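Quick notes on the structure that follows.
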Amino acid sequence: MGALAAGSAADAWSSMGRPEANPFLASGPGGRFSSRAIGIKAAVAGGSVAAQWLILRKRPETARAAAITNFGMAGLFTGVAIRNRAIAQPIRR
């Protein structure tokens with residue numbers, strides 16, 4: 001779960017103030033990623049962690065699948081963060 005949180009945080013950091021392709025997160029001026037989007041991402045991640053915790057309490061044998069899913073999502077978020085930082089920031093006038 002720590003890797004998932006770190007990947008999600010890196011994605012949010014790399015997106016801050018930039019145009020956002022996901023309309024659910026494009027809450028800032030001009031469709032940019034803003035602090036409101038960070039709140040949305042945090043709520044979704046927290047809900048995911050809470051759901052996993054509840055599932056693992058009842059079915060501890062699913063821990064391996066949860067770990068694989070978490071590391072996969074962490075890799076996805078980290079890849080998005082790397083891509084976001086590679087895209088040139090538009091010049092603000």
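Bear in mind that the values in this text are calculations on the coordinates, not laboratory data. Given the structure is predicted, the values throughout are model-derived calculations rather than measurements. Glycine also receives a Cβ, built like all others from the backbone with ideal geometry; neighbour counts cover every protein chain displayed.
So between E61 and A6, what do we pick up on full extension, going 0.36 nm a residue minus the alpha carbon distance?
Computed gain between E61 and A6 is 17.3 nm.
About its Cα centre, what dipole magnitude does the chain give when the only charges are +1 on Lys and Arg Cβ and -1 on Asp and Glu Cβ, stated in debye to the nearest 20?
Magnitude of the dipole: close to 160 debye.
Just order 53-64, 73-84 by mean Cβ neighbour count inside 10 Å, highest at the front, would you?
Order by mean packing, descending: 73-84, 53-64.
Enter the mean projected area of the convex hull around the alpha-carbon atoms of the chain, in nm², rounded to one decimal.
Computed as one quarter of the Cα hull surface, the answer is 6.1 nm².
Sequence gap at least 6, Cα distance under 8 Å: using those rules, report the relative contact order of the chain to the nearest whole percent.
Relative contact order here is 43 percent.
Report the net charge of residues surrounding N84, where surrounding means a beta-carbon distance below 15 angstrom and charges are Lys +1, Arg +1, Asp -1, Glu -1.
Net of charged neighbours comes to +3.
Relative contact order, percent, of the range 17-62 when contacts are C-alpha pairs under 8 Å separated by at least 6 residues?
The value is 23 percent.
Please work out the FRET efficiency for the pair L76 and R32, using the Cβ-Cβ distance as r and a Förster radius of 22 Å; give the result to the nearest 0.05.
About 0.50, to the nearest 0.05.
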